[in-house]
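Enquirer: Please see the structure below; I have some questions.
Bear in mind that the values in this text are calculations on the coordinates, not laboratory data. Remember, it's a predicted structure, so these values are computed and weren't measured experimentally. Here the Cβ positions follow ideal geometry from the backbone for every residue, glycine too, while neighbour counts run over all protein chains shown.
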Amino acid sequence: MSENDPRNPQDNNSNDPKGNESPVNFKGLIFLGIAMLLIFFAINMKSPQKGEKKNWPEFKKLVTDGKIDGEQPLVLITKQESSEEVLIAYEKTDGTTESNKLEVPVNIEFQKEEISELLKSNNLTYTTDFESNTMSAVLITLLPILLILLILYFFFRQQMKMAGRGAMSFGKSKAKMLSMDTKKVTFKDVAGVSEAKEEVSELVEFLKDPKKFQRLGGQIPKGVLMVGAPGTGKTLLARAIAGEADVPFFSISGSDFVEMFVGVGASRVRDMFEQGKKHAPCLIFIDEIDAVGRHRGHGLGGGHDEREQTLNALLVEMDGFETQEGVIIIAATNRPDVLDPALLRPGRFDREVTVGLPDVRGRHAILEVHAKKVKMADGVDLEIIARGTPGYSGAELANVINEAALMAASKNLKAITISELEEARDKVRWGKERRSLALSEKEKENTAYHEAGHAILNELLEHTDPLHKVTIIPRGPALGVTMFLPEEDKYTQRKFEMLDHLVVAMGGRVAEEIVFGDVTNGAGGDIKMATDIARKMVCQWGMSEDLGMVEYGDHQEHTFLARDMSTTRSYSEDTAQKIDNEVKRLIDTAYNKAREMLLSHREQLDLIAHALLEYETLDASHIKDLMDDGEMGNPPPSPTPPDFDSPKKSSSNNSEKQSADDDISPGDLAPVGA
């Protein structure tokens, strides 16, 4: 790319409303300095001294002694017309280079007759002169005013520049052109989204060699919409496009179009496309486009509000009457359900790229990318962490590596080991261990039996994920956690698998009832999760023999208040009663099965609970040994008590993965076991 190429990112200062202009106003400082100097000279301006200062008695003595003769007339100088003070100046030259100069200040009002008599008696003559200090007076008067005006001018000028690059430039686009000199992000830095990366890489390939695609009459998409859950790497993918493409790349957020003044958003859209056309071909990335692209006509109260004006301007610029080629829009959002259909049609956003959560191979690749930035110990197998992080987004995986690095540094380790990685994984998902939480022995025992119930049922049932570990150490909002480790990613679940999940979820409550004859609110999260699974089986997945393969209700991932207020239930009250009965039947069946299984394995329930009270955390191998042999072949090390001065006792809830309790609700008053 040549230096004069208009696509060169370094040539954008004249068009960029946030150009690299120096924040220091050197012109204003120069003018201010000149004004201060003029005031200083005006104040210190005096009439030139013509000789040695003498008072009247000294001058009178010189005259009477004959040291001042009449050869050189005296000069009476008046500084101001109305002044009564006069300066008598005398200069005598004796033919040498030196001269005698005298200055005698007198007052005419009091010494007029005395001066006249002295001069007349000594045959002295005089001449009059007038000395004006008008210029000095004018400068002293006007310069402070000019100085104040200059300061106000440069102050308001600077304020106008800083207010969105000017009070008169609210409608200017806030899109920033990324400089090629900044740290690049390339496709090598993006992992786990191979299909999405392949689709957007076509844009880069087209921009580098457009004739390759135009030979067959193909046209590059005018817009690409990247859709995905938060943290999946949509913005990172856009930065990678900017790093790969050798074309100008503008970046702006959807919220940058929204302003308190009416019409500013639409004006900024037009200005953004004007900048793009000047640098065409170019890419414009709009992050969180749902801020301005929401469905029209669904605002509460209706009306043509400011957001709709901005959206209309965006629709026209992308594919309107005077559309020009060369400006490609890339947008990202995690709420595609609220976007206006006119924005999603071909010709505007021709292609929708789904950036989903990574699978096990994608998670492994993401972990490897971030592991290059830290020091890992030899022999660390990231595959174990990848298998143990199903459902983690790219941002969460990056946080796992970062948390592991912080833990290793706090332990003064030279490298990150698998222990820190597993602890960081658990911390990111469930929170940090709270060993300082002061629990009574009764609460610990209740939590141990609760978790033992989950663990035993998970081992006994056929259609469950392998057990990973069980702990009664409080973590995050939980007093205990039973963790599962899937062997592979699952994208569908069978009916038998979900029925077994319901049984495992009931295990905690059933164990409490069998052992203590009473129950706690520790199963609140289990009940909520089980109810959610059972209701989806009945209403969404057609797994009820009584209600059949019918979907009941409009099930959406997100709610849109304005749209949902106008919707009505799509089934009758009688059907609603049948749904409730079927959901209750599924949960009651799971509860009875869990009770039957735990009663038949009461001895193992006691063994696992007592082992948890002693060791606090047990792996899957320990649980299996206790169930098969009644003892552990390789027991874990005994836990060391925490060293805290004054642990605070608090009430908290308990949660676990898959059979876990959710966060504590405001109505829960006691700790909850998961």
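Enquirer: Could you sort the peptides 605-618, 237-250 by per-residue average Cβ neighbour count (10 Å cutoff), highest mean leading?
Expert: On the way: 605-618: 20.3, 237-250: 22.5.
Listed from highest to lowest mean packing, they are 237-250, 605-618.
Enquirer: Quote to one decimal, in nm, the extra length available between Leu62 and Ile145 on full extension: 0.36 nm per residue of separation minus the C-alpha distance between them. Walk me through the intermediate numbers first.
Expert: Values: separation 83, 0.36 × 83 = 29.88 nm, distance 4.81 nm.
Length gained between Leu62 and Ile145: 25.1 nm.
Enquirer: For the range 353-425, with the dipole built from +1 on Lys and Arg beta-carbon atoms and -1 on Asp and Glu ones, taken about the Cα centre, which of Pro390, Ala405, Val380 lies farthest toward the positive end?
Expert: Projecting each Cα onto the dipole axis, the largest value belongs to Ala405.
Enquirer: Related question: Past 24 Å, Cα to Cα: identify those pairs from Lys414/Lys624; Lys234/Lys278; Lys427/Lys584; Lys60/Lys112, in the order given. Walk me through the numbers on the way to the answer.
Expert: Details: Lys414/Lys624 35 Å; Lys234/Lys278 27 Å; Lys427/Lys584 35 Å; Lys60/Lys112 14 Å.
Going by Cα-Cα distance, Lys414/Lys624; Lys234/Lys278; Lys427/Lys584 fall outside the 24 Å limit.
Enquirer: Moving on to the next point. Can you pull the one-decimal nm distance between simple spin-label points at Ser201 and Leu37, each 7 Å off the Cα toward Cβ?
Expert: 6.4 nm
Enquirer: Report the FRET efficiency, 1/(1 + (r/R0)^6), for Lys188 and Asp209, where r is their Cβ-Cβ distance and R0 is 22 Å, rounded to 0.05.
Expert: Numbers: r = 21 Å, r/R0 = 0.94.
That gives a FRET efficiency of 0.60.
Enquirer: In addition: May I ask you to derive the FRET efficiency for Ser410 and Asp532 from their Cβ-Cβ distance with R0 = 45 Å, giving the value to the nearest 0.05?
Expert: On the way: r = 38 Å, r/R0 = 0.84.
So, using R0 = 45 Å, E works out to roughly 0.75.
Enquirer: Taking the Cα centre of the range 379-470 as origin and charging only Cβ (+1 Lys, Arg; -1 Asp, Glu), how large is the dipole, in debye to the nearest 20?
Expert: Values: 12 positive and 16 negative charges, 89 e Å.
In total the dipole reaches around 420 debye.
Enquirer: Note the full-extension length gain between Lys375 and Glu497 as 0.36 nm times their separation in residues minus their Cα-Cα distance, in nm to one decimal. Write out the running numbers ahead of the final one.
Expert: On the way: separation 122, 0.36 × 122 = 43.92 nm, distance 4.03 nm.
So the extension gain works out to 39.9 nm.
Enquirer: Pulled fully out, how much extra length does the chain show between Glu114 and Asp546, if you take 0.36 nm times their separation in residues and subtract their Cα-Cα distance? Don't jump to the answer; show the numbers that get you there.
Expert: Working: separation 432, 0.36 × 432 = 155.52 nm, distance 13.52 nm.
My answer for the length gained is 142.0 nm.
Enquirer: Collect residues whose amide H, placed 1.01 Å from N in the peptide plane, falls under 5 Å from the amide H of Val224; neighbours closer than 5 in sequence don't count.
Expert: Amide H neighbours of Val224: Ile329, Ile330, Ala331.
Enquirer: Please list, in order along the range 383-396, the HN-Hα scalar couplings obtained from phi with the Karplus expression 6.51 cos²θ - 1.76 cosθ + 1.60 (θ = phi - 60°), rounded to whole Hz, x for Gly and Pro.
Expert: Karplus values, whole Hz, x for Gly and Pro: 4, 5, 5, 5, 5, x, 10, x, x, 7, 8, x, 5, 5.
Enquirer: How big is the equivalent ellipsoid of the range 347-433 along its three axes, where each semi-axis is √(5λ) from the Cα gyration tensor, reported in whole Å from largest to smallest?
Expert: Working through the eigenvalues yields semi-axes of 28, 13, 12 Å.
Enquirer: Now a separate question. From the phi of every residue in the range 607-615, what ³J(HN,Hα) in whole Hz does the Karplus formula 6.51 cos²θ - 1.76 cosθ + 1.60 yield, where θ is phi - 60° and glycine or proline is x?
Expert: 4, 5, 5, 5, 5, 5, 5, 7, 9
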